[in-house]
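The structure appears right after this line, and notes come after that.
The values are calculated or read from the model by the stated rules, or taken from the named source; none is laboratory data. Bear in mind the structure is a predicted one, so any value in this text is a computation, not a measurement. No Cβ is skipped: glycine too gets one built from the backbone with ideal geometry, and neighbour counts run over all protein chains shown. For the accessible areas, the whole protein counts, side chains as well, though only heavy atoms, and no ligand, DNA or RNA atoms are used. Shrake-Rupley method; radii C 1.70, N 1.55, O 1.52, S 1.80 Å.
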Amino acid sequence: MIPKFFDLSSTTINKILMHRFFSFLLFISFFATAVAQSNGVPVFPAKDLSIQWETVQNDYQNKPVSLNAVTIINNSSIEFPGKGWKMYFNSARLITPAAVTGNARIDLMNGDLFRLTPAVDFPSLKPGDSVRIEFVAEEPVVNITDGPEGLYLVWDAMPDKGFSTGTFTIHPFKPNYKGLITTSIIYDQNKNIRDIPAEQLTKIFPTPVSYQETPGYFDLINTVRLISDERFMKEKEGLIKTLESLLGNKIITNASGNSISLEYKDGLPSEAYELEVKSNSIVIRASGSAGLFYGIQSLKTLVPPAAWSKANKSIQIPSVLVKDEPRFGYRAFMLDVGRNFQPKKEVLKLLDVMALYKLNVFHFHLTEDEGWRLELPSLPELTEVGSNRGHTLDSKSFLPPSHGSGPDIAKNPGSGYYNRADFIEILRYANDRHILVLPEIETPGHARAAIKSMNARYERLMKAGRKEDAGHYLLYDPGDQSKYSSNQYWNDNIMDPSLPSTYNFIETVISDIVNIYKEAGVPLKSLHFGGDEVPDHVWEKSPAYLSLKASHPEIQSTSDLWYYFYGRVNQLVKAKGLYLSGWEEMGLRKTKLDGNYMYLPNPDFESEHLQTEVWNNTLGGGNEDLAYKLANGGYKVVLTCVTNLYFDMAYYKSFDEPGYYWGAFTDIDKPFSFIPFDYFKNSNIDRDGLPLNRNIFIGKQRLTDYGKSNIIGLQSAVWGENIKSEERLEYMLLPRLLGFAERAWARDPEWATIRDTSLSKLQYEDSWSSFLNIVGKREFPMLDYYLGGFGYRIPKPGLNFENGHYAANIQFPGLVIRYTLDGKDPDAKSNMYKDPVTENGKVIKLRAFDSRGRGGAISNSSP
């Protein structure tokens, strides 16, 4: 007989079995979780979290700050826990630690890396659920670059591994701030631009000194004869490649055919050339290979733009007579690859477009806090450690994420370097195009990648018992308790000039770079050793500094370390037969006037003829005349003015326009309108895009005639913080580089020197229209196909509503505007805009297209 409690119904038995089954599943799940975590695999897939960022309000609580929100959405089929994790991200804006919503805390780790920690009551998220975290950023939001980026998850159980989250969405924001650029403002800016017939345009760019069109054409076919002076054989080879690309055939010389001659002419300046095109001959004359090369570049821009889109049996080249030479001998472009890396193929492509527009110096910004990009044989840790970014909080094996690079070393634009062979290829490629490569090694600031790399070397050698060798290249004093924060919020990124090992490091870097240039067989004239943005309070508690101060009576404060450091660096550079280049701070002495800090040219270095590159002329910042002070004081100055020549700045003030704007907004008019010897004259917009109070120029130094002789050239620049791809680089660089090329090469225009302001304005508008037509109708169609094509920025159309009609215009005549009325975005097949469109209650969308059918940003009539 079975006892009563064993007399179970089938239903009860099933319940017991199901309970035991689910208990078993829970056990298996717990066991699997433990195994998964022990194997470094998280239970919850971070990719199933989507993140949204929105700006809620500027001027929050009547303060110059912004209220923002991040929303985390669980797209997974399993629950996301409310604890046991932290989320990291990068932001260029400081953030108040306590979240307004009270459900999280956001802490600055170092540089631009922040950590979001959930509060104890942070909710777990079931599938489909979301949570909103509101926080205060310590500046108003202007554009999409102001937001967080590169979010990733770190589980508390696996603190050394980061997992990227899923899709990141930016909500549109319509800020109410002064200086906002709207489509109606764009229309108003464009309305005075004349549409000039293509046949009336100068057909060589940049504008030559002397240009005359003559009747007839030269008929270019593949049987053309090429005749060259033996001095120009390399240039001849390059010309043959270009002609064969245009014609789609090998050049087969015909003794009786039309000819292209590359001739030597004594007496011309080294970069000057003459170009004569007749119906039966093309002749380029120069006294040197650089001048001859520039004559060939002019011939390229003389070719009808459509010829670059496909192979041609013949090409008609208009007859011209040209005499030309550059205004400035130093025409530079600086590329920062330290913040975000650019692959070698893009650097080579960049060198080609520099050559096309006759720029001759490539300032290669190779090192930064966030990355070291050049392999040096004597110091392999510089690239083993300093070239990679990924999730780390100690920077012992690689550097932390910056600028949204994320947690994975191999999958982000923050990792990468040029090995010795890569760099030699770049050097030779540039040299073949008459471009000098100026390498920059940032010192003593912006040096975190170098510092952490040498720390790794130190630890490796100490473990091996090689104490003396370990400290040979150390760049910081381990006992230094100084507290500082750089402009980019780093607290450990400054080399210590008091350490002898710092100069061991610099001397070795110099020697390795010199040897690479020798192996490449290309000239090296100068080394750039940075010198900008060293913060206050650095070195104050460095034992090495206190020891050096005790033995060197000329060092009374940490400010004096500056002159000590660059004095020694200068001697190391001079010992290699080179001259020292650096940013403006290198040539300045910090002093006080009425209790306030100010800078003056340092007289100690004036006789050394150091080359200073001056960026700081921020309007309203107080240093508007700094470049002119240095030039008047005897320093050789390269104008790299942030107001006009920084191409990582946003084109204009609009939420959807990417780029920084701390120094200025720089559309193509900024480099084009730049007056090197008097940039005060036509500065009329401040860094916020608002009308400028010209009283800021009262008492500022003007450039003397002696000072003019020390302005050796101009330099444009792209810093890499928000340049995460080749596409973004080309968008930010072009077409602004063309405005810069015109100002660096062409003669000083009359509108820049004439005193009559009304006449100057009229002349400028006429010159501006011609330039925009040349770019839109000649250079853009060429760049669409030259070397596979460039992704230059296509501007947004202007849009104006008046008398029941929508009228549109574009900055560059030659671009095609297309529109839709059905709510869809315009594409290359949409209706072409020709005349104003009647308002019919529908939303009109407009978009400009290049000759390839590639579209730019969209303008629309919706509120």
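Dipole magnitude of region 766-841 about its Cα centre, charges +1 at Lys/Arg Cβ and -1 at Asp/Glu Cβ only, in debye to the nearest 20?
Working: 8 positive and 9 negative charges, 46 e Å.
My answer is approximately 220 debye.
The protection proxy used here, the mean number of other Cβ atoms lying within 10 Å of each residue, ranks peptides 552-562, 523-533 as follows, highest first: 523-533, 552-562.
Around the amide H of Gly371, modelled in the peptide plane, lie the amide H atoms of Ala449, all under 5 Å away and 5 or more residues distant in sequence or on another chain. Compactness of the chain is given as radius of gyration and Dmax, 30.7, 126 Å, from Cα positions. In order along region 787-797, the phi-based Karplus estimate (6.51 cos²θ - 1.76 cosθ + 1.60, θ = phi - 60°) of 3J(HN,Hα) comes to 6, x, x, 10, x, 5, 6, 9, x, 6, x Hz; Gly and Pro are listed as x.
Of the trypsin sites (Lys or Arg not before Pro) found in region 273-328, those in coil by DSSP whose Cβ has at most 10 other Cβ atoms within 10 Å are Lys310, Lys313.
Sorting Trp719, Trp745 on solvent-accessible area from highest to lowest, probe radius 1.4 Å, gives Trp719, Trp745.
Classify region 447-529: rounded, prolate or oblate, from the alpha-carbon gyration tensor (a ≥ b ≥ c, eigenvalue square roots; a/c under 1.5 rounded; otherwise prolate if a/b is larger than b/c)? Verdict is oblate for region 447-529. Over all projection directions, the Cα-based convex hull of region 736-783 averages an area of 3.5 nm². The 3J(HN,Hα) values that the Karplus relation (6.51, -1.76, 1.60; θ = phi - 60°) gives for region 99-112 are, in residue order, 5, 4, 6, x, 9, 6, 10, 10, 10, 6, 8, 5, x, 10 Hz. Gly and Pro appear as x.
The charge dipole of the chain, taken about its Cα centre with unit charges on the Cβ of Lys, Arg, Asp and Glu (plus for the first two, minus for the last two), comes to roughly 1480 debye. Between Pro64, Pro781, Phe565, the Cα set farthest toward the positive side of the dipole of the chain (charges on each charged residue's Cβ, about the Cα centre) is that of Pro781. The distance linking region 333-349 with region 423-441 is 12 Å (Cα centroid to Cα centroid, whole angstrom). The alpha-carbon positions of region 228-277 define a convex hull whose volume is 110 Å³ per residue. Under 5 Å between amide hydrogens, built in the peptide plane, is the criterion, and for His363 it picks out Phe333, Met334, Leu335, Leu438 among residues at least 5 positions away or on other chains. Normalised by 2.2 N^0.38 Å, where N is the number of residues, the alpha-carbon radius of gyration of region 475-620 equals 1.11.
Kirkwood Rh over Cα pairs of region 307-381 into Stokes-Einstein at 10 °C, 1.306 mPa s: D in µm²/s? Translational diffusion coefficient: 99 µm²/s. Label separation (Ser607 vs Ser245): 5.1 nm, computed from points 7 Å beyond Cα along the C-beta direction. Once both axes come from the Cα atoms, what is the angle between helix 344-356 and the longest principal axis of the chain, in degrees from 0 to 90, rounded to 10? The answer is roughly 30 degrees. In terms of its Cα atoms, region 526-598 spans 38, 30, 18 Å along the principal axes, sorted from long to short.
The HN-Hα couplings worked out from phi for region 757-766 by the Karplus form 6.51 cos²θ - 1.76 cosθ + 1.60 (θ = phi - 60°) are 5, 5, 5, 4, 5, 5, 5, 5, 4, 5 Hz, whole numbers, x standing for Gly and Pro.
Each listed q (0.10, 0.13, 0.19 Å⁻¹) maps to a log10 I(q)/I(0) for region 332-487 from the Debye sum over equal C-alpha point scatterers, namely -0.40, -0.64, -1.16. When the Cα convex hull of region 140-248 is projected onto planes of every orientation, the mean area is 18.1 nm². When each of the peptides 831-840, 340-349, 805-814 is scored by how many other beta carbons lie within 10 Å of its residues on average, the order from highest to lowest is 805-814, 340-349, 831-840. Other residues lying with their Cβ under 15 Å from the Cβ of Glu606 contribute a combined charge of 0, Lys and Arg counting +1, Asp and Glu -1. For the residue pairs Lys549/Lys574; Lys86/Lys178; Lys349/Lys653; Lys191/Lys670, the alpha carbons lie more than 28 Å apart in Lys86/Lys178; Lys349/Lys653.
So if I take the centroid of the Cα atoms in region 251-267 and the same for region 667-692, what is the distance between those two points in Å? With region 251-267 and region 667-692 each reduced to a Cα centre, they are spaced 45 Å. Each helix, a run of at least 4 DSSP H residues, gives -39500 (n - 2.57); summed and divided by the residues of the chain, these come to -8000 deg cm²/dmol at 222 nm.
Sequence-distant contacts, meaning Cα pairs under 8 Å at least 6 residues apart, place the relative contact order of the chain at 11 percent. A simple spin-label model places the labels of Asp656 and Asp766 3.7 nm from each other, with each point 7 Å out along Cα-to-Cβ.
Between Gly620, Ile106, Val43, whose Cα lies farthest towards the positive end of the dipole of the chain when Lys and Arg beta carbons carry +1 and Asp and Glu beta carbons carry -1, centred on the Cα centre? Working it through, the farthest residue towards the positive pole turns out to be Val43. Pairs of C-alpha atoms in region 71-129 farther apart than 13 Å represent 64 percent of all such pairs. Close amide H contacts of Leu527 (hydrogens built in the peptide plane, cut-off under 5 Å, sequence separation of 5 or more or a different chain): Tyr579, Ser581.
Expected output is a single nm value to one decimal: the length gained when fully extending between Ala306 and Ala464, i.e. 0.36 nm times separation in residues minus the C-alpha distance. What is it? Before the final figure, lay out each step's value.
Values: separation 158, 0.36 × 158 = 56.88 nm, distance 6.49 nm.
Length difference between fully extended and current span is 50.4 nm.
Other residues whose C-beta falls under 12 angstrom from the C-beta of Pro797 contribute a net charge of +4, scoring Lys and Arg +1 and Asp and Glu -1. The lysines whose alpha-carbon is closer than 16 Å to the alpha-carbon of Lys345, local same-chain residues fewer than 8 away aside, are Lys724.
Using only alpha-carbon positions, what ratio does the radius of gyration of region 657-774 give when scaled by 2.2 N^0.38 Å?
Numbers: Rg = 15.6 Å, N = 118, 2.2 N^0.38 = 13.5 Å.
The reported ratio for this selection is 1.16.
Listed by chain and number, the lysines whose alpha-carbon sits under 19 Å from that of Lys323, ignoring those within fewer than 8 places in the same chain, are Lys203, Lys265, Lys278, Lys300, Lys358.
What value in Å³ per residue do you get for the convex hull of the alpha-carbon atoms in region 797-863? Before the final figure, lay out the partial values.
On the way: hull volume 5.6 nm³, N = 67.
Per-residue hull volume (Cα only) is 83 Å³.
Quarter the surface of the alpha carbon convex hull of region 577-649 and you get the mean projected area, 5.7 square nanometres. Neighbours of Ala741, meaning other residues whose beta-carbon lies under 9 angstrom from its beta-carbon, give a summed charge of +2 when Lys and Arg score +1 and Asp and Glu score -1.
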